[in-house]
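Here's a structure for you.
The values are calculated or read from the model by the stated rules, or taken from the named source; none is laboratory data. Because the structure is a prediction, the values reported are computed rather than measured. Cβ sites come from the backbone with ideal geometry, for glycine too, and all protein chains shown count toward neighbours.
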Amino acid sequence: MSDRHPLRSNDIREQNEKLVLHLIYSNRGISQSEVANLTGLKPPTVFRIFSTLEGELLIRPADETVITPDKKGRRPSPYVVVPEAHFSIGVDFWARTAAVAVFDFSARVIYQRSVNFPAGVDAGTAVDQVIALIEEAVVSSLIPRDKILGIGIGAPGIVDIETGVVVAYDRIRGMNRFDIRTRIEEHFSAAVVIHNNCSVIALGAYRYGSVHGETSLVAFLIRSGLGGAFIHDGHLYVNQGRTAFEIGRIAPIFPSAKSHAHGGLPDDRSLEDYICEDAILQTARDSAGAESWEDIDRLLLEKNRALTEGLSVLGRIFSQTARNLTHLLNPDAILIISRSQPVSDYFGQELRNQMAAAHDEVLVDVKRIIPTAYDPLPACRGAADLVFDDYFALPH
């Protein structure tokens, strides 16, 4: 016998109102008749819901009547959400930087800012600075606090998305088992939704950016470590309430024993010990005398042979890992994110080269390999969308 209680009429009404509001929000303008066709709700019910939502100042008629080109006359007037009805705040942070952006209910960005953390920042100080960054965003954007739906956080490392705790992240001292959600919720009295930062970056690209329109996506984030995310049909893959796809912690796959720095078999280091910013910078110094990321970008754009040969081992290790994950997941697209476009382009081209050399029919199914430079705005947009998703979620 099921423990679930039957839905009451009030519950059904609230669910229908949330369903209709979500359709208006996601379509950026839709009419009552279109909603009735999409949902199967009766026109009088749709009319009542529209009237309720309009009375609550959540929706309003669109500014312009849309003319349907293939039909005579005008279609019924579309409705849109009221931009000032709700706001969502998105944050992305890691060991070196933090970014925040504020979005209105129409998903328009109205404020954004990024800051650098001091070297060696500890967990408490980092979260205090994130709180200060959010506070500044709220004050500067002049949004009413009671209209903040919530705060979405892209946090580094393995994240327990149910409890809001960073389970493991060694690059900020004291961050392991650190409760971020409680600290931020207590300060702002607003709901906080947390995921890891590779996931929010991937979500922003999937919904609004370079990967928009694809069904599935595997993302790689090269920063102080190597992050990963997998999206299918709009859903981020998680398991046991925690972020998954922690590819940086797996053992690296060496193209051959001779490729290893010391020869022979690999040691017990993880993949992100080889594919990370520090390893790339050190390899560039050793092979081509590069002293900065600006040097690396310049040398890559010049196709400097010493640098490309020096990075080749890292490129092959990355490509072999990406190929194996492609066999497992068969995604439509692969997204490679790093601090700069030339670095992402390098790893993207290495992957393309290895795929072409493998003559693997499965890998041909990957429609696009998309190298891109990290941009804080799409990352914050993905984090803010966690709040909107939570708001529109219907009970199971």
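Going by what's in this entry, would Thr68 be described as modelled with pLDDT under 95, over 32 Å from the mean Cα position of the chain (by Cα) and more than 25 Å from Ile143 (Cα to Cα)?
Details: modelled with pLDDT under 95: yes; over 32 Å from the mean Cα position of the chain (by Cα): yes; more than 25 Å from Ile143 (Cα to Cα): yes.
So Thr68 fits the description; yes.
Do any residues in segment 219-241 that are on the phi < 0 side of the Ramachandran plot and in a strand (DSSP E or B) have Cβ atoms under 6 Å from those of residues that are surrounded by 19 or more Cβ atoms within 10 Å (Cβ to Cβ) and among the charged types (D, E, K, R), where the two are at least six apart or on different chains, and which pairs are they?
That search, which allows pairs on different chains as well, returns Leu226/Glu272.
For segment 140-174, enumerate the residues that are among the aliphatic types (A, V, I, L, M) and within 29 Å of Asp273 (Cα to Cα). Talk me through it step by step, then tell me what you get.
Looking only at segment 140-174, we keep the residues that are among the aliphatic types (A, V, I, L, M), and these are 142-143, 148-149, 151, 153, 155, 158-159, 161, 165-168, 172.
Selection gives Ile153, Ala155, Ile158, Val159, Ile161, Val165, Val166, Val167, Ala168, Ile172.
Still on this structure, I have one more. Go through segment 90-120 and give me each residue that's touching a residue at least 40 places away in the same chain (Cβ under 8 Å) and more than 21 Å from Leu221 (Cβ to Cβ).
Within segment 90-120, Val102, Phe103, Phe105, Ser106, Ala107, Val109, Gly120 meet the criteria.
Is it the case that some residue within segment 173-180 is of a type in the set (Phe, Trp, Tyr), under 20 Å from His195 (Cα atoms) and not assigned by TED's automatic domain parsing to the domain that holds Gly29?
Yes, the conditions are met somewhere in segment 173-180.
Please determine whether any residue of segment 173-181 is under 30 Å from Ile369 (Cα atoms) and either of a type outside the set (A, V, I, L, M) or at pLDDT 95 or above (or both). Even if it seems obvious, please write down each step before you answer.
Taking segment 173-181 and keeping what is under 30 Å from Ile369 (Cα atoms), we get none.
No, that holds for no residue.
Would you confirm whether any residue within segment 98-116 is of a type in the set (D, E, K, R) and assigned to a helix (DSSP H, G or I)? Before the answer, list the steps.
The first filter runs over segment 98-116 and keeps only residues of a type in the set (D, E, K, R), leaving 104, 108, 113.
Now narrow it down to the ones that are assigned to a helix (DSSP H, G or I): none.
So far as segment 98-116 goes, no, none of its residues is of a type in the set (D, E, K, R) and assigned to a helix (DSSP H, G or I).
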